[in-house]
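Quick notes on the structure that follows.
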Amino acid sequence: MKTCMYCGTEVTVKETVAHCEFCQMDLAASEVMKNSERKKNVVKPIVDLSNIMKSTKELMLMSTYELLALLQLVRKDRSMAYDNMIQVKTLRQKAKDENNEVMVKSIEETLESVIEDYAFVTRKMWVIENILAERMDTVPARITDSYLERFFEKVQSRKSTPMLFGSSKATVNH
């Protein structure tokens, strides 16, 4: 029996469209399950900073766990970018104080690049935070390794029991 992944109700299949009467919506093929089973979450536990180069649309396709792990990495990277920016600004000020115009010009070119890196990482952080806020209604202020471990365990232990009432296969429609 083909069923809805959201409520477990039997769906009506017409050509390439499945319709759930209880949810009052059409379902994509990936949203149709068998025998009231729940859809399994597929999470890749390994996330690296290279994911920062993905477009916003691509980031939106990542799981919540993956985004949380990426946000943790991006925040660390942003902190390092900020520290680099402060160090370069300090060097520039030191060169200005010594009236070393050649050094000031060289440092300012470096500073421009460092500021661009910081701005890029900051904007990506905002994108990830906003995607998470849409999904979770909040964004953790601090993401630790133990927070990610607990979150991952919750995702993996999500109920996999079929969505059925007792031993009967009764369907409740509204």
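The values are calculated or read from the model by the stated rules, or taken from the named source; none is laboratory data. Source: prediction; values computed, not measured. Cβ: placed from backbone, ideal geometry, glycine included. Neighbour counts: every protein chain shown.
A few remarks follow.
- Any chance ILE52 is over 30 Å from GLU153 (Cα atoms), at pLDDT 95 or above and part of a helix (DSSP H, G or I): no
- Qualifying residues in the stretch 104-124 (those that are in contact (Cβ under 8 Å) with a residue 12 or more places away in the chain and within 13 Å of TYR82 (Cα to Cα)) - the one surrounded by the most Cβ atoms within 10 Å (Cβ to Cβ): VAL121
- Subset tally (residues that are over 20 Å from MET62 (Cα atoms) and in a loop (DSSP other than H, G, I, E, B)) for the stretch 91-140: 3
- Taking the criterion of being modelled with pLDDT of 80 or more, assigned to a loop (DSSP other than H, G, I, E, B) and touching a strand residue (DSSP E or B) at 6+ places or on another chain (Cβ under 9 Å), the residues of the stretch 33-49 that qualify are ASN35, SER36, GLU37.
- Criterion applied to MET80, MET125, MET103, MET85 was being out of contact with any strand residue (DSSP E or B) (no Cβ under 6 Å at 6 or more places or on another chain), aliphatic (A, V, I, L, M) and within 30 Å of GLN156 (Cβ to Cβ), and the one residue passing it is MET125.
- Filtered by the rule that a residue be more than 25 Å from the chain's Cα centre (by Cα), part of a strand (DSSP E or B) and modelled with pLDDT of 90 or more, the stretch 14-32 gives ALA18, HIS19, CYS20, MET25, ASP26.
- Considered as a group, the residues in the stretch 35-88 that are in contact (Cβ under 8 Å) with a residue 60 or more places away in the chain and over 23 Å from ASP145 (Cβ atoms) include one that is surrounded by the fewest Cβ atoms within 10 Å (Cβ to Cβ), and that residue is LYS40.
- LEU91 being at pLDDT 95 or above, crowded, with 18+ Cβ neighbours inside 10 Å and not β-branched (Val, Ile, Thr): no
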